[in-house]
Amino acid sequence: MARKERDRLSVEWVKLELVRTAYATRGGLLARMDPRCVIGWYLIFAVVPWFTHNLTVLGGLFLITAVSVVLSRVGPLVLGLFVLGFVMESGYLLLAAWMFGGGVSTALALAELTLKLGTISLASMAAFVSLDPEKLSDALLSLHAPAMVSFGVSYGYRMLPILMEEFHTIIDGHRLRSAPLTAKGFLGWRLVARTASTVVAAFYPMMLNTAKRTRTTVEALETRGFTYAMEHPDGRRIRLAHLRVGGRDVALLVVTVALIAAAFTAGAAWPLYGAGAGA
C-alpha cells in the first residue's frame with residue numbers, strides 16, 4: 001500500500017512540474033524581463049552556434065547557457081530529461097563512431113554537433129520556462145505575428161493542464177473497469193502490455209473531449225468579439241500597453257553580446273576544431 005502511495009505521489013509530482021514549467025511559476029532572472037527581449041535573447045543563441053566550428057567557442061556558449069538555466073530556475077524534471085538525453089545521445093554517437101572505425105577526428109566532429117544542439121536546447125529551456133502563456137502571446141503579437149498564432153500559443157499552454165487532467169481521468173476509468181491481473185508475467189510484460197494498450201485506448205476519448213471543449217471555447221470567444229479585438233489597432237494597443245523595455249532588459253542583451261564576444265575571443269586564442277573545419 002505504501003508503494004502505491006509513493007507511485008501516486010510521483011505521478012502528481014510530474015504533473016505539477018509540467019504545470020510549473022508551462023506557467024513559469026518559479027521566477028528567475030529571465031522571468032522578470034520584457035518577453036520580447038527574452039525571445040531576442042533566445043534567437044541569439046539559436047543562431048550564433050551555427051556560424052562557428054570552433055569547439056572552444058561552442059564550449060563557451062554552452063557554459064553561458066548552462067549558467068542561464070541555473071539563473072532561470074529550470075525545474076528538475078525538464079533539466080533531468082535534458083541531462084539524460086544529452087548523455088545518452090553523446091554516448092550513442094561515440095559508440096557508433098567507434099563501431100564504424102572512427103577516430104579522434106570523428107569524436108571531435110560529433111562533439112561539435114552535440115555542443116551546438118546542447119547550447120540551443122539550454123537556451124530554449126531558459127527562455128521558454130521563464131515565459132508564461134500571456135507573456136509569450138503578447139510578445140508574439142507585439143512582434144507582429146498573426147493574431148491566430150498568438151492566440152494558438154496562449155490557448156495551447158492553457159490546454160496543457162486540461163489535457164493532463166482529462167487523460168488522468170480516462171486512465172482511472174479504465175483501471176476501475178478492468179479486472180486486476182492474475183499474474184504479471186515474466187519481467188512484468190503483461191503489466192507493460194496492458195498499460196500500453198490502456199494509453200492507446202485513452203487517446204481517442206481524450207482528443208474527442210478536447211475537441212468539444214475547444215469548440216465551446218472558440219464560440220464563447222467569438223461571441224465576445226475576440227477576433228475583432230485582436231486585429232483592431234486599438235485592441236492591440238490596449239493589450240500590449242504593459243510591455244516596456246527597461247534598462248534591465250537592455251543590460252541583459254548587452255551582457256549577452258559581451259559574453260559571446262568573450263567566447264569568440266577565447267576561441268581565437270585557443271582554437272580547437274573538429275574534422276574538416278577550417279580556422
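Descriptive notes on the structure:
- Carbon plus sulfur fraction of accessible area for region 138-240, probe 1.4 Å, in percent: 67
- About its Cα centre, the chain has a charge dipole of approximately 760 debye under the convention of +1 per Lys or Arg Cβ and -1 per Asp or Glu Cβ, with nothing else charged.
- Rounded, prolate or oblate (a/c below 1.5 giving rounded, otherwise prolate when a/b exceeds b/c) for region 138-240 by Cα gyration tensor: prolate
- Packing around the peptides 237-247, 89-99, taken as the average count of other Cβ atoms within 10 Å per residue, puts them in this order, highest first: 89-99, 237-247.
- Each Cα pair under 8 Å and six or more residues apart adds its separation to the average, and for the chain the resulting relative contact order is 33 percent.
- Subtracting the Cα-Cα distance of R248 and T198 from 0.36 nm times their residue separation leaves 13.0 nm of extension gain.
- Zone residues, region 190-220, relative to S178, backbone N less than 13 Å from point 7 Å out along Cα-to-Cβ: 190-203
- Rounded, prolate or oblate (a/c below 1.5 giving rounded, otherwise prolate when a/b exceeds b/c) for the chain by Cα gyration tensor: oblate
- Charged-residue dipole, Cβ positions (Lys, Arg, Asp, Glu), region 138-240 about Cα centre, Debye nearest 20: 440
- Of G60, L110, L221, farthest towards positive along the dipole that unit charges on Lys, Arg, Asp, Glu beta carbons give the chain: L221
- Surface per residue (accessible, 1.4 Å probe) for the chain, Å²: 60
- Two-site FRET efficiency, L77 against D132, from Cβ-Cβ distance with R₀ of 25 Å, rounded to 0.05: 0.90
- Calculated from backbone phi, Karplus (6.51, -1.76, 1.60) coupling profile of region 239-255 in Hz, x at Gly/Pro: 5, 9, 5, 7, 6, 9, 8, x, x, 5, 5, 5, 4, 4, 5, 5, 5
- If the segment from E17 to R190 were pulled out straight at 0.36 nm per residue, it would be longer than the present Cα-Cα gap by 59.3 nm.
- If the segment from A269 to F86 were pulled out straight at 0.36 nm per residue, it would be longer than the present Cα-Cα gap by 63.1 nm.
The values are calculated or read from the model by the stated rules, or taken from the named source; none is laboratory data. Keep in mind that what you see is a predicted model, and the values were worked out from it rather than measured. Reconstructed Cβ throughout: ideal geometry from the backbone, glycine too, with neighbour counts over all protein chains shown. Heads up: the accessible areas ignore ligands, DNA and RNA and are worked out on the full protein's heavy atoms, side chains in. Shrake-Rupley method; radii C 1.70, N 1.55, O 1.52, S 1.80 Å.
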